[in-house]
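What follows draws every value from the coordinates through simple rules; no lab data is involved. All of these numbers come straight from a predicted model, not from anything done at the bench. Glycine gets a Cβ as well: all are built from the backbone with ideal geometry, and neighbour counts include every protein chain shown.
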Amino acid sequence: MRARAEQRVAELERELLQTRRMTTASNSSLPPSANPIGAKPPVVKKPTGRRPGGQVGHAGKSRTLLSEAQVDQFIEHRPGICRDCQQPIASDAAGDVVGRHQVAELPPVAVEITEHRALACRCEHCGGLSRGSIPADVQASVTGPRLCAAIGLLGASMKGSKRAIAMVLQEVLGCPMFALGSVSAREAELSDALAGPYQTLVASAAQSTTVKYVDETGWKLRGKSRWLFVSADQEQVVFRIDKARTRLAFAALYGNGGGHGNGGGHGHGNGGGEKSSVKPRPPRGVFCTDRAGIYDMLKLNNRQLCWAHLMRDFVRAIERGGAGEAAATRMLSVAHEMFELWHRFKKEKQIPRTALRAGIEPLRQRMHDALADGAACGQRKTAGLCRALLKREAALWRFARTPGLEPTNNLAERMLRGAVIWRKKSFGSASQAGCRYVERMLSVIETLRLRDHAPLAYLAAAIAAYRKGEPTPAIEPRLKPMEIKLRNVA
């Protein structure tokens, strides 16, 4: 009892010390995203002594002129007088192009206002009066498909508030006053139009056996806590908001374990589903995750633990000191050596996968020994960490033998970064419909970017099809490098 009390006092003293000094990601286990204002950046580059800008001998780059088909108008600058005889040159004299300079400019009014009129015409044969009608898809909205798509991008991709979106429409694009309620109406329409593509992405992610990177972050629904899950691979991204961070919520990310119910922002009627009689099925594929307990439903052979999270755990164990400090120091040393080996394999291409696996073996044994010593160190938190990792030891090294699998969950973290900024600026969602809009827009936009497609063009096509009552077009597969080059030339 006395030893436990002394250990708790030591922990509290360390926490107090950290609050008195500037604790950052560079000197503690704090993640970079939690760095306080004014903290030094995690990586500080040493001055090289060279002047800023291009260096002597640097191969310069100039802007490539667009093709004539991409130019909207041509303005010719002719000489007024002859350079030799000083006589005027006729305005229609033939000339050769000897210089070209292209200027991009925003027109004073970028939005076109079109008035659709229904006419009543009298037949010249029988004298009958017939009335024309404005098409239903035109009457569906006062905003065209491209402008509606732009409103969605300004909010979901560029994180603008509804008031900021209305300002951009008026001041930048020259659109008449756009009410805040109209912005919400267009977002609701976009959400309905993307319902089909979103379900297609969910089904595709569920059936895919490729490597998936999964993570979650907090969200808000009318001020109440919710969880935003993400699953990302090299072809598609799926987001989902649920009431709780549970195994059933994780399975529901792939359409398993229940649908959208009356829980918060979807969720389930039982508050997350852990008490449900329906046991969630483990999703298919190989997953890279953090150490959250909800992912223990995955088989260890199909799971990779994120080493970036583990390194912060090791640093935290070193900060605790005591009997577990030596073992944690050895774990951190193994992690650094592992990353050095991985960078040689991944970025520098210095070693093949066979050499990577051979280099991992001694690191695996050293990590096992350090974990065993840490589990027996007697320090509660450090020992608990080591015991947890020993149970999941197979998930530490899956990346060494799985092509396409990284040792970190960086892809999912990058997908969540924009969502976190959106949450901080908007304070989450005000309704369940708003949660669905967040899921669908983020999933479709990030998938389009992964596949090298322009989000604006696709969203406009989706709105146009939705207003006509037609199926929303599918998201095309990733373009091949030659196809991208030809598209840019065109």
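Some observations on this one:
- Theoretical FRET efficiency, 1/(1+(r/R0)^6), r = Cβ-Cβ of Val56 and Arg414, R0 35 Å, to 0.05: 0.45
- Only Lys, Arg, Asp and Glu carry charge here, each on its Cβ (+1 for the first two, -1 for the last two); on that basis the chain has a dipole of about 2080 debye about its Cα centre.
- Taken as Cα centroids, the stretch 383-438 and the stretch 129-192 sit 33 Å apart, rounded to the nearest whole angstrom.
- Nearest-ten-degree value, helix 432-450 long axis tilted from longest Cα axis of the chain: 80
- Stretch gain in nm, segment Thr64-Phe339, where the contour uses 0.36 nm per residue and the Cα spacing is subtracted: 95.0 nm
- Legend: distances between Cα atoms for Lys220/Lys425; Lys347/Lys391; Lys212/Lys299; Lys224/Lys279; Lys61/Lys346; pairs beyond 22 Å are Lys347/Lys391; Lys224/Lys279; Lys61/Lys346.
- For the stretch 122-136, 3J(HN,Hα) computed residue by residue from phi via the Karplus equation (6.51, -1.76, 1.60; θ = phi - 60°) reads 9, 5, 6, 8, 10, x, x, 9, 10, 10, x, 9, 7, x, 4 Hz, glycine and proline entered as x.
- Placing unit charges on the Cβ atoms only, positive for Lys and Arg and negative for Asp and Glu, gives the stretch 139-256 a dipole magnitude near 520 debye about its Cα centre.
- Between amide H atoms placed 1.01 Å from N, distances below 5 Å from Asp215 occur with Val230, all of them 5 or more places distant or on a separate chain.
- Farthest toward the positive end of the dipole of the stretch 307-408, out of Met367, Leu405, Gln350, is the Cα of Leu405, where the dipole comes from beta carbon charges about the Cα centre.
- Contact order relative to length of the chain, as percent, for alpha carbon pairs under 8 angstrom and 6 or more apart: 18
- Correct option for Cα extents along the principal axes in Å [calculated from the coordinates] among (i) 77, 56, 53; (ii) 102, 73, 48; (iii) 70, 61, 54: (ii)
- Label-to-label distance, Ile81 versus Arg387, with points set 7 angstrom from Cα along the beta-carbon direction: 9.8 nm.
- With a Förster radius of 51 Å applied to the beta-carbon distance between Val138 and Ile421, the computed FRET efficiency rounds to 0.90.
- Point-charge dipole on Cβ atoms (K/R +1, D/E -1) for the stretch 307-408, about Cα centre, debye to 20: 340
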